[in-house]
Amino acid sequence: MERFVPRFQGRPWPSGMPVLHVYVLPRPGADDELLTLARSCVPLMAEYPIDPQLPGTGDDAGLLHLTVEMLADTPATDYDEPALRLLVEAMGAELADVAPFTTKVGPPLANIAGVVLDVWPEAEAEVVREATRTAIRKARGEAALQHSGGRLHISLGYADGTGSSDRLNSRLRNEVVPRRAPMYVDRVHLLAVTWTEDEGSGGWRMSWEPVAEVPLGGSPR
């Protein structure tokens, strides 16, 4: 694995800059099996240069998230209230016809940037991503969609150094059981996400501020 460096508009992320993202956030109660799976990986990551995205115990889901899309046209601070309202209304309109669903995530896999859980089956989650992208195009134009998120996944931790992931993958495969868990999706979250470079560790630390919550069709608001 290699040190993870977040990117914005194809360049290294300016430390401390907030950018709007759309995430699905696991929730205690609805996604307890997923949180248990994720927490079971934390001790195995401890001896590697990986910053976990969730605490080891308790009901807090930490920074665990599934990235749906980034709005990469401009930093979050450039969005005024009318622009945010237009965006949220467009997302609500596009997601109104998407029913809540349950998919699965896993197994855990160490890759070049840390440890991830892939989403599978991914067809319904891809519908959410495409509906969100359509809403962003309508509200902000094509320039807001500059990043390819690749295969849908949940990151369990980001590498803040370099090292071999071979032994970690072996331990994740042999010691984490069960290897998959359900995830319930009935809403997405619009968040102002900030990456800040940590001079002490050499890694990057994520934080976010909530902006809006948009339910899928048929979900309570």
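One residue stands out among those in segment 11-49 that are part of a loop (DSSP other than H, G, I, E, B) and in contact with an Asp or Glu (Cβ under 6 Å, 6 or more places away or on another chain): the one that is modelled with the highest pLDDT, which is SER15. Could you grab me the full set of residues in segment 160-174 that are of a type in the set (Gly, Ala, Ser) and assigned to a loop (DSSP other than H, G, I, E, B)? Selection gives GLY161, GLY163, SER164, SER165. Considering only residues of segment 58-73 that are closer than 20 Å to LEU117 by Cα and touching a Lys or Arg at 6+ places or on another chain (Cβ under 7 Å), which is surrounded by the fewest Cβ atoms within 10 Å (Cβ to Cβ)? The qualifying residue surrounded by the fewest Cβ atoms within 10 Å (Cβ to Cβ) is ALA61. For VAL98, the criteria (1) surrounded by 16 or more Cβ atoms within 10 Å (Cβ to Cβ); (2) outside any loop (DSSP other than H, G, I, E, B) hold in every case but one, which is (2).
In this entry, THR196 is excluded by the filter for residues that are surrounded by 19 or more Cβ atoms within 10 Å (Cβ to Cβ), on the phi < 0 side of the Ramachandran plot and either polar (S, T, N, Q) or modelled with pLDDT under 95 (or both). In segment 162-181, the qualifying residues are those that are surrounded by fewer than 13 Cβ atoms within 10 Å (Cβ to Cβ) and charged (D, E, K, R), and the one that is farthest from PRO107 (Cα to Cα) is ASP166. Among the residues of segment 76-84, not a single one is crowded, with 20+ Cβ neighbours inside 10 Å, of a type in the set (Gly, Ala, Ser), touching a helix residue (DSSP H, G or I) at 6+ places or on another chain (Cβ under 8 Å) and at pLDDT 95 or above. With respect to the conditions (1) assigned to a helix (DSSP H, G or I); (2) at positive phi, THR134 lacks only one, and its number is (2).
Checking VAL98, VAL176, VAL105 one by one, the residue that is more than 19 Å from GLU2 (Cβ to Cβ) and touching a Pro at 6+ places or on another chain (Cβ under 7 Å) is VAL176 and no other. Between ALA123, ALA76, ALA90, ALA143, the distinction of being aliphatic (A, V, I, L, M) and touching a Lys or Arg at 6+ places or on another chain (Cβ under 6 Å) belongs to ALA90 only.
The values are calculated or read from the model by the stated rules, or taken from the named source; none is laboratory data. The structure displayed is predicted, hence computed values, not measured ones. Cβ sites come from the backbone with ideal geometry, for glycine too, and all protein chains shown count toward neighbours.
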